[in-house]
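If you scroll down you'll find the structure; I have some questions about it.
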Amino acid sequence: MDKRIVSQGKTTNEAIENGLKELKVSKDMVEVKVLEEEKRSFYNILAPRVVKVELTVKEKVEEKKEEKVQKKFNENKEEINVGLEEIKVFLNKFLNKEITYSAEVKENDIYVEISGDNVNYLIGYRGENINAMQTILSSIANKKSTSKIRVYLDIAGYREKRTKTLEELAEKISRTVVRTRKTITLEPMIAYERKIIHTKLQNHPKVKTFSKGEEPYRKVVITLK
């Protein structure tokens, strides 16, 4: 569900109420901006009056939702270790002998690191392959679990390089937003990468960020505060 919508009604209050029903939130959870108000003149007095408003779900609401999601992650040590062993079985069959890996549990999450010569094909263009492989490993780890186990995959230090690239992108785009005063929407990213953008700009004095759209096409939006 998009977190920014435009709704309309015969009055401003009606337009807001219609938007709140669509978003399924209360008024204190959104920011309201009146976009358009068609006023009736003497010649169109019988025409219906239309008011359009833009409703944006506040960032704190999104943060609370994320916190609720995080509480659902698996904390069962036995199930997590079973997931870890399932991942090892898969990697032992999937990877050739020239490629090595390490897999371990840290604070209830599984971390896998792959290294070796000529492993760029496992990363793919803009991390497409590494992200797909992380999804596969996550599915394997969660095959027998009762709640979600988080799996993080890195290959040849790609995640650190990607983090630096995204942080530099966040700074560049924020400067553009401040200079042009126009909102910029980035390309779809996985949750891990969106978080890097959000974290980098969370204390920025002039811009704010939020995510919109449904997975796997969810995007980060950078706009003026």
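Return the label of the correct value of Rg/Rh (Cα atoms, Kirkwood Rh), as calculated from the structure shown, out of (i) 0.93; (ii) 0.96; (iii) 1.11.
Label of the calculated value: (iii).
How high is the FRET efficiency between Thr180 and Glu214 when r is their beta carbon distance and R₀ equals 25 Å, given to the nearest 0.05?
Taking R0 as 25 Å, the efficiency between Thr180 and Glu214 is 0.35.
Measure off 7 Å from each Cα along the Cα-to-Cβ vector at Asn129 and Asp117, then give the distance between these two points in nanometres to one decimal.
Taking the simple label geometry, Asn129 and Asp117 are separated by 1.7 nm.
Moving to a separate point now. When a footprinting reagent is the concern and you count Cβ atoms within 10 Å, what order do Ile87, Ile16, Ile136 take, fewest first?
Sorted ascending by nearby Cβ count, the order is Ile136, Ile16, Ile87.
Continuing with this model, one more query. Based on the Cβ-Cβ distance from Asp28 to Glu98, what FRET efficiency comes out when R0 is 41 Å, to the nearest 0.05?
Result of the calculation: an efficiency of 0.10.
Further, regarding this structure: I'd like to compare 147-156, 172-181: which one has the highest average count of other Cβ atoms within 10 Å, and what's the full order after that?
Highest mean packing first, the order is 147-156, 172-181.
With the cut-off at 20 Å, tell me which of the pairs Lys172/Lys219; Lys164/Lys206; Lys77/Lys143 have Cα atoms farther apart than that.
Lys164/Lys206
Show me the chymotrypsin sites (Phe, Trp or Tyr not before Pro) within segment 190-222 that DSSP assigns to loop and that have at most 11 other Cβ atoms within 10 Å of their Cβ.
Those that pass, being in a loop and sparsely packed, are Tyr217.
What's the center-to-center distance, using Cα atoms, between segment 151-225 and segment 73-142 in Å?
Their Cα centres are 25 Å away from one another.
Rule-based calculations on the coordinates, nothing more; no lab input. Please read all numbers here as calculations on a predicted model, not as lab measurements. A quick note on method: Cβ atoms are made from the backbone with ideal geometry, for glycine too, and the neighbour counts reach across all protein chains shown.
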